[in-house]
1. Checking Gly77 against (1) in a loop (DSSP other than H, G, I, E, B); (2) out of contact with any Cys (no Cβ under 9 Å at 6 or more places or on another chain); (3) on the phi < 0 side of the Ramachandran plot: exactly one of these is not met. Which one?
2. Inside region 35-53, can you point out the residues that are touching a helix residue (DSSP H, G or I) at 6+ places or on another chain (Cβ under 9 Å), open to solvent by 50 Å² or more (accessible area, probe 1.4 Å) and not hydroxyl-bearing (Ser, Thr, Tyr)?
3. Take Gly222 and decide whether it is open to solvent by less than 10 Å² (accessible area, probe 1.4 Å), in contact with a Lys or Arg (Cβ under 9 Å, 6 or more places away or on another chain) and assigned to a helix (DSSP H, G or I).
4. Mind telling me which of the residues Ala72, Ala101 ends up being more than 28 Å from Asp176 (Cβ to Cβ), part of a helix (DSSP H, G or I) and over 21 Å from the mean Cα position of the chain (by Cα)?
5. Kindly evaluate His290 against the criterion of being modelled with pLDDT under 95 and either farther than 30 Å from Ser341 by Cβ or touching a Gly at 6+ places or on another chain (Cβ under 6 Å) (or both).
6. Suppose we keep only residues that are outside any helix (DSSP H, G or I) and in contact (Cβ under 8 Å) with a residue 40 or more places away in the chain within region 356-388. Which one would you say is farthest from the chain's Cα centre (by Cα)?
7. Taking region 348-369 on its own, how many of its residues are of a type outside the set (Gly, Ala, Ser), touching a helix residue (DSSP H, G or I) at 6+ places or on another chain (Cβ under 9 Å) and surrounded by fewer than 18 Cβ atoms within 10 Å (Cβ to Cβ)?
8. Quick one: in region 136-167, which of the residues that are part of a loop (DSSP other than H, G, I, E, B) and touching a Lys or Arg at 6+ places or on another chain (Cβ under 7 Å) is surrounded by the most Cβ atoms within 10 Å (Cβ to Cβ)?
Amino acid sequence: MANDMSRSAAQAAQIPDKRHGHSRGYGGPLRYVQGPGVLDDIGSYAAALSDRALVLMDGFVQDTYGPRVTEALEAAGVTVTALRFGGESTDAEVARCTEAARAAGVGVVIGIGGGKTLDTGKLTARNVAARIMTVPTIASTDSPTSAIGVIYTEDGVYVRVEQSPRNPDVVLVDSDVILKAPVRFLAAGMGDALSTWYEARSNLDSRSKNYIAGGYAPSIAGIQIARACHDTLMRDGLAAYDAARAGCLTPAVENIIEANTLLSGLGFENCGVSAAHGVHDALTVLEPTHDFMHGEKVAFGIICLLVLENRAPEEIAEAVTFCAAIGLPVTLADLGLAKVSDADLLRVGEAAMDPASVIHSVPVPLSAQKIAAAIRAADATATRLTGR
């Protein structure tokens, strides 16, 4: 995920910095439930939180699953106010959803869809002091488990991260629903998840705070979850990609759904992110990248991170090979930037150097020029390794 939570979270949580010296913190959702058909259990989980729900759904999700969701909720005694997501997690969209939730007097906000829908739902729930449920219909990001939401402009340019004082109460992941989505979403989720351990390591090396409340040192549990995320991807990622392309729900697919959603979500929030997401955020200043998913841009950002930190060639090759095998962007050309100028890459570097950027969690000195050079070098290395 994105941006400098050590600053924004401290402001939101209003916890004195003196608590953070050698203290460690861990956070996560109250419940995580994953499996085929669990969408039909949404009523029982929601009813335990409130009898009035705002249900925020992607347009496609509302058309496809809306009646099923509403029926399950109403059968459990939950009054439903359904709202169609506007398509971008902007300040205006959060305000619109907040107004609707407040007018309906809801006690729980349920976000159903992709990461931006879930982020908007989480921030809406925060604004009306409601409980939170997230129901991802794609496994493309690690947003569902976290307490944070990302704000973008109407044009999809990254603005900032905001934090809720609580993680979701329930994360409900129907693996049958996930499998029906195009496999590109699962691959993008693996790109996002692959950054988890690399960025956790950056934060450990730089002794940066995690994103729990005002920021703490990571716990052993958080570190091990980030490591397990990487190990799961390396073991099951390719098999899951093949199985999902064939429409088969195998144990490997279930493992990768969990890695993309739970392990990555807990890993980034409890350990922190760095340059893979910092480069992602900065790349949004270049219009061609708006056609790519979050995890796709993060995948390229991973290579840039490894170059910035001068990691072992074997490690860079492993990341490039894995990403390329599941169709993730590993070169500038893959991101529609084949002819990008040095001046534009310097613009990206300058955007990444914003004082609030997560890129500052890397344990090496940075400048806009160094970042631009790392992006160009990452492209050259991936081009050589893939033969493109």
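The values are calculated or read from the model by the stated rules, or taken from the named source; none is laboratory data. Being a predicted model, the structure only gives us computed values, none of them experimental. Every residue, glycine as well, gets a Cβ built from its backbone with ideal geometry; the counts of neighbours run over all protein chains shown. Accessible surface is based on the protein model in full, side chains and every heavy atom, while ligands, DNA and RNA are left aside. Shrake-Rupley method; radii C 1.70, N 1.55, O 1.52, S 1.80 Å.
1. Here Gly77 meets the rest and fails (3).
2. Pro36, Asp40, Asp41, Arg52 - these are the residues of region 35-53 that are touching a helix residue (DSSP H, G or I) at 6+ places or on another chain (Cβ under 9 Å), open to solvent by 50 Å² or more (accessible area, probe 1.4 Å) and not hydroxyl-bearing (Ser, Thr, Tyr).
3. yes
4. Ala101
5. yes
6. The residue in question is Arg388.
7. Adding up the residues that qualify gives 6.
8. Ala147
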